[in-house]
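The values are calculated or read from the model by the stated rules, or taken from the named source; none is laboratory data. This structure is a prediction, so every number in the text was calculated from the model and none was measured. Methodologically, a virtual Cβ is constructed for each residue, glycine included, from the backbone with ideal geometry; neighbour enumeration extends over all protein chains shown. Accessible surface is based on the protein model in full, side chains and every heavy atom, while ligands, DNA and RNA are left aside. Shrake-Rupley method; radii C 1.70, N 1.55, O 1.52, S 1.80 Å.
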Amino acid sequence: MIRVAILGGGIGAQHLAAYDQLEEFVVTHLVDQDTKRSAALCGDDITPLSSIEDALFADVDVIDICLPPHLHAPVAIAALEAGKHVICEKPLATSLEQVDAMANAAKDSGKSVFPVFQYRFGPAFDQLRALQQGGLVGAPRTAALETHWNRDAEYYAIPWRGTWAGEQGGAVLGHAIHAHDLLGKFMTPIIGVTARLGTLVNPIETEDTAALIFELEGGALATSSITLGAASDETRLRLVYEHLTATSHTNPYAPAEGTWQFRARDPERQNEVDAICNAAPRNMPGFAGFLTEVGKALNNTPNAAVTLSEGAASIELVTAIYAAHREGTRIALPLQADHPMRGGWQP
């Protein structure tokens, strides 16, 4: 049994619900400053703790970090130094220097870091993987990503949100990061970015609007449209390949769980596409699917767990986006080792 301490009961409540579906994990401790929320989540089975330090030295195997972004890297490093594996909500860190420090701590401790990208897990991506394995997809051609969500004054009433000191970034860092991860995962790595960012919706420090162009390995091009000023929360992904076009549902927080359309470019192959989609395995979706793969990794069995290097790539892309906007030019990836924003993009 893998013992877990959760730090933070906000998004941590969703992690807890996922752990409850899995036999290989048991949540034994939880830290949250909101005592009422902590009591409700802990019930009679979980030990509430008053500090992060108490959790780091509790008898657990994994520290699950669900804290504000500016705390992710320092707490992850402290957990690794305390001999714990780490699960860390996005963003993994707020600079590439922090990622390097985390990687060094993981190497020194012999423990693993699992960045949270739960959007990867769900029936639509089970189907897309099966289509790729069946040879019905072909090379990536283009993609259009839409992260069109609604965030108002109530959302930003939490003091650290919308600030460079607390949130460390805006919609690029905290909202569209999932869609960009999916692009790299199910198409090819991003090798160049052009970006324009704006703050058009709320009186905050960080950006809430963005228009991005991505160049992918192999020549494909993709766009990402981001706003926190939409009338409702919708995420839409359209992935165009050589032989297939995949179009998502608009489910904002679990795109893989909505009904997708998979259309063959050659209509005569549509029956093959439909047959593979119908026969595709159905794995656990969302956080439960993500944690299932973490459990396999910790038990040294074949797995699709998100790796530290994949989390690092997401932070490198965020760095490149901010650099492209501020410099007004295309930024190539991977970034040079001496790039001036490796220490962070905060003003």
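For the range 157-177, give me each residue that is open to solvent by less than 10 Å² (accessible area, probe 1.4 Å) and not in a loop (DSSP other than H, G, I, E, B).
A171, V172, L173, I177
Please specify each residue of the range 298-347 satisfying the condition of being loosely packed, with under 14 Cβ neighbours inside 10 Å and β-branched (V, I, T).
Residues satisfying the conditions are T301, T329.
What's the total number of residues in the range 63-94 that are surrounded by fewer than 23 Cβ atoms within 10 Å (Cβ to Cβ), touching a Phe, Trp or Tyr at 6+ places or on another chain (Cβ under 9 Å) and over 26 Å from P340 (Cβ atoms)?
1
Within the range 272-280, identify whether any single residue is surrounded by 15 or more Cβ atoms within 10 Å (Cβ to Cβ) and in a loop (DSSP other than H, G, I, E, B), and answer yes or no.
The answer is yes, given that some residue of the range 272-280 is surrounded by 15 or more Cβ atoms within 10 Å (Cβ to Cβ) and in a loop (DSSP other than H, G, I, E, B).
Read through the list (1) buried (at least 17 other Cβ atoms within 10 Å of the Cβ); (2) over 25 Å from E24 (Cβ atoms); (3) touching a residue at least 40 places away in the same chain (Cβ under 8 Å), then give the number of the only condition that E97 fails.
All conditions pass for E97, except number (1).
Name the residues in the range 11-27 that are open to solvent by 10 Å² or more (accessible area, probe 1.4 Å) and either in contact with an Asp or Glu (Cβ under 8 Å, 6 or more places away or on another chain) or within 13 Å of D59 (Cα to Cα) (or both), would you?
If the condition is that a residue be open to solvent by 10 Å² or more (accessible area, probe 1.4 Å) and either in contact with an Asp or Glu (Cβ under 8 Å, 6 or more places away or on another chain) or within 13 Å of D59 (Cα to Cα) (or both), then I11, V26, V27 are the ones that fit.
Do we find a residue being in a loop (DSSP other than H, G, I, E, B) and surrounded by fewer than 16 Cβ atoms within 10 Å (Cβ to Cβ) anywhere in the range 206-213?
Filtering the range 206-213 for residues in a loop (DSSP other than H, G, I, E, B) gives 206-208.
Keeping just the survivors that are surrounded by fewer than 16 Cβ atoms within 10 Å (Cβ to Cβ) gives none.
No, the range 206-213 contains no residue that is in a loop (DSSP other than H, G, I, E, B) and surrounded by fewer than 16 Cβ atoms within 10 Å (Cβ to Cβ).
Could you please let me know if A275 is within 17 Å of F121 (Cα to Cα) and of a type in the set (A, V, I, L, M)? Don't jump to the end; show me each part of the working.
On the way: within 17 Å of F121 (Cα to Cα): no; of a type in the set (A, V, I, L, M): yes.
Spelling it out, it is not the case that A275 is within 17 Å of F121 (Cα to Cα) and of a type in the set (A, V, I, L, M).
State whether the residues of the range 300-313 include one that is more than 17 Å from I190 (Cβ to Cβ) and assigned to a helix (DSSP H, G or I).
Looking for residues that are more than 17 Å from I190 (Cβ to Cβ) and assigned to a helix (DSSP H, G or I), one finds at least one in the range 300-313, hence yes.
Name the single residue, out of those in the range 108-150 being acidic (D, E) and under 22 Å from T250 (Cβ atoms), that is surrounded by the most Cβ atoms within 10 Å (Cβ to Cβ).
E146
Hey, among the residues in the range 28-45 that are aliphatic (A, V, I, L, M) and without any contact (Cβ under 8 Å) to a residue 24 or more places away in the chain, which one's most open to solvent (accessible area, probe 1.4 Å)?
Of all residues in the range 28-45, those aliphatic (A, V, I, L, M) come to 30-31, 39-41.
This time we only want the ones that are without any contact (Cβ under 8 Å) to a residue 24 or more places away in the chain, so: 39-40.
Values: A39: 65, A40: 82 Å².
Ranking the qualifying residues of the range 28-45, first place goes to A40.
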